[in-house]
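Here is the structure we will look at, set down as structure tokens.
The values are calculated or read from the model by the stated rules, or taken from the named source; none is laboratory data. The structure displayed is predicted, hence computed values, not measured ones. Glycine also receives a Cβ, built like all others from the backbone with ideal geometry; neighbour counts cover every protein chain displayed.
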Amino acid sequence: MTANISAAADAKPAASRVLTFDLGGEIFAIRAESVREILEVPPVTRVPGAPEFHNGLINVRGAVVPLANLRFPFEMPEQACDEDTRVIVLEEMVDDSPEIIAIFADKVTDVYEMEMENIHQPPGIGMQWRPEFISGIGRKSGRFVIVPDMTRIFREYLPR
């Protein structure tokens, strides 16, 4: 009986709640439990000499939060903010430490249960992005949904 309980505890969840957002015409999905809040674009303080990936800071309820731009690691062209642009404030593990980091989204689209059995590894060829930055690829309403490896992206691009 104990073995069955242990095996059930080690099993992956059948579904995971995700937040989807648009970036550069692609749909991305991140774990909903990592999202602290979604904001309209606040005033951004640019940091001279900071890397392009995170060259801004924002004030989130009195806390200074780095603002990262996923367009950089995914090599997407810059796009001006518009009325749909949002800032997603996340809590992610970076080097075994929880960090509060904000990212831009062209548009936040949905929160839903993503079936984990339908998430597949990115193909070895034919990808326009670095495959190590992608945890998997799923589908929703006939479109591909990219699941970025936020921990790996932040580990590589945020200074420690």
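Tabulated values for the structure
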| quantity | calculated |
| --- | --- |
| Residue match in the range 127-136 (condition: under 23 Å from Ala15 (Cβ atoms) and surrounded by fewer than 17 Cβ atoms within 10 Å (Cβ to Cβ)) | no |
| Members of the range 37-58 found to be assigned to a strand (DSSP E or B) and within 21 Å of Tyr157 (Cα to Cα), listed by number | Thr45, Arg46, Gly56, Leu57, Ile58 |
| Total residues in the range 104-131, condition of a type in the set (Asp, Glu), modelled with pLDDT of 90 or more and part of a strand (DSSP E or B) | 2 |
| Subset of the range 139-150 (residues that are at pLDDT below 90 and surrounded by 15 or more Cβ atoms within 10 Å (Cβ to Cβ)) | Lys140 |
| Some residue of the range 91-103 being assigned to a strand (DSSP E or B), under 20 Å from Leu23 (Cα atoms), touching a residue at least 24 places away in the same chain (Cβ under 8 Å) and in contact with a Ser or Thr (Cβ under 8 Å, 6 or more places away or on another chain) | yes |
| Condition broken by Val18, with the remaining ones in (1) surrounded by fewer than 19 Cβ atoms within 10 Å (Cβ to Cβ); (2) assigned to a strand (DSSP E or B) satisfied | (1) |
| Members of the range 132-155 found to be of a type outside the set (A, V, I, L, M), part of a helix (DSSP H, G or I) and in contact (Cβ under 8 Å) with a residue 24 or more places away in the chain, listed by number | Phe133, Thr151, Phe154, Arg155 |
| Count of the range 34-62 residues which are touching a strand residue (DSSP E or B) at 6+ places or on another chain (Cβ under 7 Å) and either closer than 30 Å to Ser16 by Cα or surrounded by 13 or more Cβ atoms within 10 Å (Cβ to Cβ) (or both) | 18 |
| When residues of the range 63-93 are limited to those that are under 16 Å from Glu33 (Cα atoms) and surrounded by fewer than 19 Cβ atoms within 10 Å (Cβ to Cβ), the one modelled with the lowest pLDDT | Met93 |
